[in-house]
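Okay, handing you the structure first.
The values are calculated or read from the model by the stated rules, or taken from the named source; none is laboratory data. Only a predicted model underlies this, so the values are computations on that prediction, with no experimental measurement involved. Virtual Cβ from ideal backbone geometry, glycine too; neighbours counted across all protein chains shown. The protein model used for the area step is the full one, side chains on, heavy atoms only, and it has no ligands, DNA or RNA in it. Shrake-Rupley method; radii C 1.70, N 1.55, O 1.52, S 1.80 Å.
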Amino acid sequence: MSTTVVNTGTERKTWGGGNQPLKASYGKMMMWYFLVSDAFTFSALLISYGTLRFSSPEWADPNKVFNAFPGLEGWDVPLGFVSLMTFILILSSVFVVRAVQEGHRMNKRGVLIWMFWGIIGGAAFLGCQAWEWMHLIHGGTTLWWNPHGPQAFGMLFFLITGFHGFHVFSGVLLNILI
């Protein structure tokens, strides 16, 4: 039985993956690092929310908090509005993916069209978030006060949604620059 040995030039080195681990470009690796760090940050925020939520004897009822929006009493605001915002955000992501596909085809016009719609989607999401914040603040929920329960609800809600809004806002700005 014969054994074939291939010398790669990386023997006896700490990292044997060569110059391109997973054959990914530097930009793609940095994007993956960013996405992983972003996922960890969002996870930490959501775990903090869950920890405080379930360790607190009382918590704000989202149906009461969000149904306190003036003129929307009785509507199922939390589920319906969050569903709309999620749909807008996913759709804008699909538009950006389509722009990338058009870029691979070297179709500049296609890239511009799909990037435009992706930017519009991101801006629409931010508009929805601003509307939501405005109504919550008008209803008395702020970082320092929450008429519907513990103060931590308002603090965490505005921290988490604010961080996410900043994330989307940054993406919209970067897409405009691109």
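So with the 1.4 Å probe, I'd like the accessible area per residue for region 85-148, rounded to whole Å².
On the way: 4010 Å² over 64 residues.
Using a 1.4 Å probe on heavy atoms only, each residue of region 85-148 averages 63 Å².
In addition: Under the 0.36 nm per residue contour assumption, what length would be gained going from the current alpha-carbon distance of Phe166 and Ser48 to full extension?
40.6 nm
At R0 = 22 Å, how high is the FRET efficiency between Trp59 and Leu159 if r is their beta carbon distance? Nearest 0.05 is fine.
For R0 = 22 Å, the calculated efficiency reads 0.90.
Oh, and also: Note down the accessible area of Trp32, probe 1.4 Å, to the nearest 10 Å².
About 150 Å², rounded to the nearest 10.
How much solvent-accessible surface does Glu102 expose, in Å² to the nearest 10, with a 1.4 Å probe and all protein chains in place?
Probe radius 1.4 Å; accessible area of Glu102 about 20 Å².
Ok, one more. How do Phe166, Phe158 rank by accessible surface area computed with a 1.4 Å probe, from largest to smallest?
The ranking, largest first, comes out as Phe166, Phe158.
Here's something else I'd like to know. Can you tell me the length gained on complete extension of the stretch Met134 to Ile113, counting 0.36 nm per residue apart and subtracting the Cα distance?
On the way: separation 21, 0.36 × 21 = 7.56 nm, distance 3.14 nm.
Contour length minus the Cα-Cα distance gives 4.4 nm.
Can you give me the distance in nm between label points at Val100 and Ser83, each placed 7 Å from the Cα along the Cα-to-Cβ direction?
The answer from the label model is 2.9 nm.
Modelled label-to-label distance, Val36 and Ile178, 7 Å Cα→beta-carbon offset: nm?
Between Val36 and Ile178, the simple spin-label model gives 2.1 nm.
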